[in-house]
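Since the structure comes first, as structure tokens, the remarks are kept for the end.
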Amino acid sequence: MNPRLKICGIRRIQDAEYLNLYAPDYAGFILSKPFWRYVSPEHLKKLHEILSPGIKRVGVFVNPELYEIRDYAEYLDVIQLHGEESKAFIKLVRENFPELEIWKAVRVRNPEDIRNADQLPADKLVLDSFSERSHGGTGTLAPWDVIVQNRPEKEFFLAGGISAENIRDAVREVRPFGIDVSSSVETDKCKDSSKIQEIIKILQNRSDSNAG
């Protein structure tokens, strides 16, 4: 089965229009400060109104307070927690937003990182590369070998440095539920329509060839 595709870091009206053209499964929005891709509640409302109903909205939060999530919740299908959120906090999020899926992002260094994340009360995981300087968006590959050898029981998205050049290998070797891309479909820090189209075509062509 073809993996799902999430395009993260959507922030401009033009970005939403690109996604409507190519129809990935998920659109991701950075909803925590001070990240440069940050989207305010008012602006997310505008993007939500433009974006096709068939594309699910993922709000990416880094160590948020509940009130911060509440400001955005009506425009979201998924809450992605991308910081150091505890098991207790994730439970609290679920109690307060029972209608939304919860994903937990993990910056993978070793098998223990995956095992610990697999025990959290999240619906899905996002397995990303580790960086001391950033919670994501570094363009660095996650340790695929560690993930392959220590697959979580939960469905997971593979993030971290995936591009048109390596997405076929990522899907074949890691077999994730989904692929998460952001900076690799940008030019000069803006989403690039041709790069989004290329990623979509690669996944579609792979699916067609598998069907044969």
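The values are calculated or read from the model by the stated rules, or taken from the named source; none is laboratory data. As the structure is a prediction and not an experimental result, all values here were calculated from the model. Glycine also receives a Cβ, built like all others from the backbone with ideal geometry; neighbour counts cover every protein chain displayed.
Being at pLDDT 95 or above and of a type in the set (D, E, K, R) narrows it down to one residue among Lys45, Lys33; which is it?
Values: Lys33 fails: at pLDDT 95 or above.
Criteria check complete, one pass: Lys45.
Between a residue in the stretch 37-54 that is among the aromatic types (Phe, Trp, Tyr) and any residue that is surrounded by 14 or more Cβ atoms within 10 Å (Cβ to Cβ), which pairs come within a Cβ distance under 8 Å, given they are 6 or more apart or on different chains?
Filtered contacts from the stretch 37-54: Tyr38/Arg11; Tyr38/Ile30; Tyr38/Leu31; Tyr38/Ser32.
Looking at the stretch 33-112, what helices (runs of 4 or more DSSP H) fall wholly within it and have at least 2 residues that are closer than 23 Å to Lys191 by Cβ?
Output list reads 41-50.
For Ile69, state whether it is under 20 Å from Lys33 (Cβ atoms) and β-branched (Val, Ile, Thr).
Values: under 20 Å from Lys33 (Cβ atoms): yes; β-branched (Val, Ile, Thr): yes.
Judged against the criteria, Ile69 is a match.
Can you tell which of Ala211, Ala170 is of a type in the set (A, V, I, L, M) and modelled with pLDDT of 95 or more?
Ala170
Under the condition of being among the aliphatic types (A, V, I, L, M) and under 20 Å from Trp103 (Cα atoms), which residue from the stretch 45-59 is nearest to the chain's Cα centre (by Cα)? If you could, list the steps in order and put the result at the bottom.
Residues of the stretch 45-59 among the aliphatic types (A, V, I, L, M): 47, 50-51, 55, 58.
From the residues that got through so far, the ones that are under 20 Å from Trp103 (Cα atoms) too are 55, 58.
Working: Ile55: 13, Val58: 7 Å.
Per the stated criteria, the residue is Val58.
Starting from residues that are of a type in the set (A, V, I, L, M, F, W, C) and more than 12 Å from the chain's Cα centre (by Cα), keep the ones in the stretch 76-92 and report whichever is nearest to Ile10 (Cα to Cα). So that I can check it myself, show each step before the final result.
Our first condition is that a residue be of a type in the set (A, V, I, L, M, F, W, C); within the stretch 76-92, this holds for 76, 78-79, 81, 88-90, 92.
With more than 12 Å from the chain's Cα centre (by Cα) added as a condition, the list becomes 76, 88-90, 92.
Numbers: Leu76: 13, Ala88: 29, Phe89: 26, Ile90: 24, Leu92: 27 Å.
Across the stretch 76-92, the extreme among qualifying residues is Leu76.
What pairs come up if the first residue lies in the stretch 74-89 and is within 16 Å of Phe156 (Cβ to Cβ), the second is surrounded by fewer than 16 Cβ atoms within 10 Å (Cβ to Cβ), and their beta carbons are under 6 Å apart, counting only those six or more places apart or on different chains?
From residues that are within 16 Å of Phe156 (Cβ to Cβ), there are no pairs.
Could you please let me know if Ala164 is modelled with pLDDT of 95 or more, in contact with an Asp or Glu (Cβ under 6 Å, 6 or more places away or on another chain) and in a loop (DSSP other than H, G, I, E, B)?
Details: modelled with pLDDT of 95 or more: yes; in contact with an Asp or Glu (Cβ under 6 Å, 6 or more places away or on another chain): yes; in a loop (DSSP other than H, G, I, E, B): yes.
Considered against the rule, which asks whether it is modelled with pLDDT of 95 or more, in contact with an Asp or Glu (Cβ under 6 Å, 6 or more places away or on another chain) and in a loop (DSSP other than H, G, I, E, B), Ala164 comes out as yes.
Filter the stretch 179-203 for residues that are buried (at least 21 other Cβ atoms within 10 Å of the Cβ) and either part of a strand (DSSP E or B) or not β-branched (Val, Ile, Thr) (or both) and give the result.
Within the stretch 179-203, the first condition is being buried (at least 21 other Cβ atoms within 10 Å of the Cβ), and the residues that meet it are 179-182, 185, 191, 196, 199.
Those that are buried (at least 21 other Cβ atoms within 10 Å of the Cβ) and either part of a strand (DSSP E or B) or not β-branched (Val, Ile, Thr) (or both): Ile179, Asp180, Val181, Ser182, Lys191.
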